[in-house]
1. List, in order, the whole-Hz ³J(HN,Hα) value for each residue of region 100-110 obtained from phi through the Karplus relation with A = 6.51, B = -1.76, C = 1.60 and θ = phi - 60°; use x for Gly and Pro.
2. Report, ordered by chain and residue number, the lysines lying within cross-link reach of Lys180, taken as a straight Cα distance under 29 Å and ignoring same-chain residues fewer than 8 apart.
3. Could you tally the net charge around Lys214, taking each other residue with its Cβ under 12 Å from the Cβ of Lys214, Lys/Arg +1 and Asp/Glu -1?
4. From largest to smallest, what semi-axes in whole angstrom does region 50-119 give when each is the square root of 5 times an eigenvalue of its alpha carbon gyration tensor?
5. Can you give me the distance in nm between label points at Arg62 and Ala85, each placed 7 Å from the Cα along the Cα-to-Cβ direction?
Amino acid sequence: MNDWPDNLDIGPIREWPGELTPAHHRQMSRFRVSDGGYTRKATPLSSTLWLLDRELRELGARDREMLVAIAPQDFRRDGKPRAQARAEHPGVILSFDTKYGPLSYAVDTFTTWQDNLRAIALGLEALRKVNRYGVTRHGEQYRGFLAIESATAMPAGFATGADAAQFLFDVSRSLAGPGKTGMAAVLRKAQRTAHPDTGGDAATFQRVALAEAKLREEGLL
């Protein structure tokens, strides 16, 4: 049995961000392990899940969510996909929140969702090594994944922290509690609401990120 991380929410993909890679452009698995002889077989999913869990813990990732193109009825009662479930396409979206902001990775390079999930896990490991070797100090290597790509222009920023806060209130449909803690809760709810994978759209999600930046700039977060 695969050891799915307890703190990873898994669900069906509602909409892929952008265009899927054409099937004839996808790559066969590069991730193989030796069986002790001359034969090499696909890396077990359990190994990928262990690696993914380690890298997310190293990042201090919160609100972890993995989406895969498996029909809702093919998920077990515990929220995990059934062993024999078949995906409509191999794309995987992994999203989570970190000290660098909300990050999202959508990969459909390989022919199976298991390989695409492993590609994400290995990518996270490689990005962490950039910090380990002192090449960056403030997580610059993650900035390319701070927002889902959008075909539209980047939304405009906010003139004041009050404007940014009001936008987050409107998106999250909530009121702030006392101080920065309350505002942080509103931000998290706005991020979940605006994310394209939970019914939002890329432009609103990017504008939420701009609102967060303005609030941090003014010391309100």
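Every number in this text was worked out from the coordinates using simple rules, so none of it is lab data. What you see is a predicted model, and the numbers here were worked out from it, not measured in a lab. Don't worry about glycine lacking a Cβ; one is built from the backbone with ideal geometry, like all the others, and counts go over all protein chains shown.
1. Going residue by residue, I get 8, x, x, 10, 9, 10, 10, 10, 9, 5, 9 Hz, with x marking Gly and Pro.
2. Excluding near neighbours in sequence, the set is Lys99, Lys189, Lys214.
3. So the surrounding residues net to -2.
4. After scaling each eigenvalue by five and taking roots: 22, 14, 11 Å.
5. Going from the Arg62 label point to the Ala85 one covers 2.7 nm.
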